[in-house]
Amino acid sequence: MSGITFTLSRNAFGKLCFTGEDGQITEGVHPVRAFPIAAPDEGVSIVAPDGHELAWIDRLTDAPASVQTLVREELAQREFMPELEHLYEVSTFATPSIWRIRTNRGDTTLVLNGEEDIHRVRGGTLIIVDHHGIQFLIRDLFSLDQHSKRLLDRFL
């Protein structure tokens with residue numbers, strides 16, 4: 001059993017509403033993942049607009065289907081992290097550098113301001129932050145094709 005003692009719903013304005021065990025309703029809550037890359041379905045906090053945690057979900061898959069649906073919808077609206085699949089070319093091996101890439105959301109370019117904007121998360125997982133602050137995920141560096149790895153190695 002989930003052990004969840006609250007409910008989630010949407011109000012007429014589309015805001016996510018939390019109803020606690022005591023019946024108190026808090027509007028405008030947000031789900032926040034504790035480990036968005038390593039364990040996206042584990043450790044989800046429901047946070048009030050003032051930043052206080054209202055509830056904790058150990059495993060999202062253990063929550064009732066209605067809660068899972070609302071949490072996933074809300075997270076999808078807030079999280080935008082395209083996955084880098086292929087690196088076509090880079091403008092220069094010095095920084096700033098313009099990269100032409102393919103992501104799971106289509107082809108695009110990013111500007112890498114410095115090598116410090118490439119972060120190793122764990123194992124072969126990398127996050128690249130472009131000059132606009134958009135984060136691009138490389139889920140498994142070792143699964144990239146040789147051309148992409150060769151270009152990326154110059155910055156690692």
Practice task
Please work out which one of (1) exposed (fewer than 15 other Cβ atoms within 10 Å of the Cβ); (2) in contact with a helix residue (DSSP H, G or I) (Cβ under 7 Å, 6 or more places away or on another chain); (3) not in a strand (DSSP E or B) is the condition G3 fails and give its number.
Solution key: (2)
Problem - Scope segment 36-59; condition open to solvent by 30 Å² or more (accessible area, probe 1.4 Å) and either touching a Phe, Trp or Tyr at 6+ places or on another chain (Cβ under 8 Å) or closer than 30 Å to L141 by Cα (or both); matching residues - result: P36, A38, P40, D41, E42, L54, D58, R59
Handout entry: Filter result for I4 (touching a residue at least 40 places away in the same chain (Cβ under 8 Å) and out of contact with any Lys or Arg (no Cβ under 8 Å at 6 or more places or on another chain))
Key = yes
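Take R33 and tell me if it is within 14 Å of R78 (Cα to Cα) and either surrounded by 14 or more Cβ atoms within 10 Å (Cβ to Cβ) or at pLDDT 90 or above (or both).
Yes.
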Exercise for the section: Please find, within segment 75-85, the residue that is nearest to D153 (Cα to Cα) out of those that are touching a residue at least 12 places away in the same chain (Cβ under 8 Å), loosely packed, with under 14 Cβ neighbours inside 10 Å and not acidic (D, E). Expected result: F80
Exercise for the section: Check whether at least one residue in segment 86-103 is within 17 Å of the chain's Cα centre (by Cα) and open to solvent by 50 Å² or more (accessible area, probe 1.4 Å), and report yes or no. Expected result: no
Fill in the blank from the handout: Among strands (runs of 3 or more DSSP E) entirely within segment 93-144, at least 3 residues that are of a type in the set (V, I, T) occur in 97-103, 106-112, 125-129
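The values are calculated or read from the model by the stated rules, or taken from the named source; none is laboratory data. These numbers were taken from a predicted model, which means no experiment stands behind them. Heads up, the Cβs are rebuilt from the backbone with ideal geometry, glycines too, and the neighbour counts pull from every protein chain shown. Quick note on the areas: whole protein, heavy atoms, side chains included, nothing else; ligands and nucleic acids left out. Shrake-Rupley method; radii C 1.70, N 1.55, O 1.52, S 1.80 Å.
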